[in-house]
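The values are calculated or read from the model by the stated rules, or taken from the named source; none is laboratory data. In this text the structure is predicted, and so the values were computed from the model without any measurement. Virtual Cβ from ideal backbone geometry, glycine too; neighbours counted across all protein chains shown.
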Amino acid sequence: MLRTYISALSYVFLFAALPLANAGQNIQMTYYLHADFTCKNGITTPGYSVYVVGSLPEIGKWDPAKAVLLSPSNYPTWTGSAGFANVKLNEKVEWKCIIRNEKNASDVQKWQPDPNNEAILIFSPTVQTTGTF
């Protein structure tokens, strides 16, 4: 308990001293809001995997070649996450699950049907969002 208290006290000191150490410098911070994606019923054939693609650059701006590969650890449910840089709190992300060729990104076998999935980005806990084929 004492160790935690001392560590927390050290961080308070460091954060208090940071403006003094960087006086006169232009400091820019990048922060990320994270979302966990789940695509259910992503039944694939060899050479194809499930990806998430959507409205923001971190998930491809609707370009399947820039989509984010999900993990088949609970096949046929695929999961993964993405961090979104410098977005606004409560910003809406639209997205879909796609089944895409692993080597040829232009070969999209299937898009999740309309409507788009939506997630609202918040600080904590991580946004959980699900789509189904």
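Descriptive notes on the structure:
- Any hit, the stretch 65-74, residues being touching a Leu at 6+ places or on another chain (Cβ under 8 Å) and either under 19 Å from T129 (Cα atoms) or modelled with pLDDT of 90 or more (or both): no
- Conditions (1) loosely packed, with under 15 Cβ neighbours inside 10 Å; (2) in contact with a Phe, Trp or Tyr (Cβ under 6 Å, 6 or more places away or on another chain); (3) more than 15 Å from L33 (Cβ to Cβ): number failed by N117: (1)
- Within the stretch 57-86, the set of residues being in contact (Cβ under 8 Å) with a residue 40 or more places away in the chain and touching a helix residue (DSSP H, G or I) at 6+ places or on another chain (Cβ under 9 Å) comprises A82, G83, F84, A85.
- Whichever residue in the stretch 38-64 is touching a Gly at 6+ places or on another chain (Cβ under 9 Å) and farther than 16 Å from T130 by Cα and, among such residues, is surrounded by the fewest Cβ atoms within 10 Å (Cβ to Cβ): K61
- Residues in the stretch 67-95 that are in a loop (DSSP other than H, G, I, E, B) and not polar (S, T, N, Q): A67, L70, Y75, P76, V87, K88, L89, E91.
- E94 of a type in the set (D, E) and within 18 Å of the chain's Cα centre (by Cα): yes
- Taking the stretch 78-94 as the range and being in contact with a Gly (Cβ under 7 Å, 6 or more places away or on another chain) and either crowded, with 17+ Cβ neighbours inside 10 Å or closer than 18 Å to S106 by Cα (or both) as the test, the residues that pass are W78, V93.
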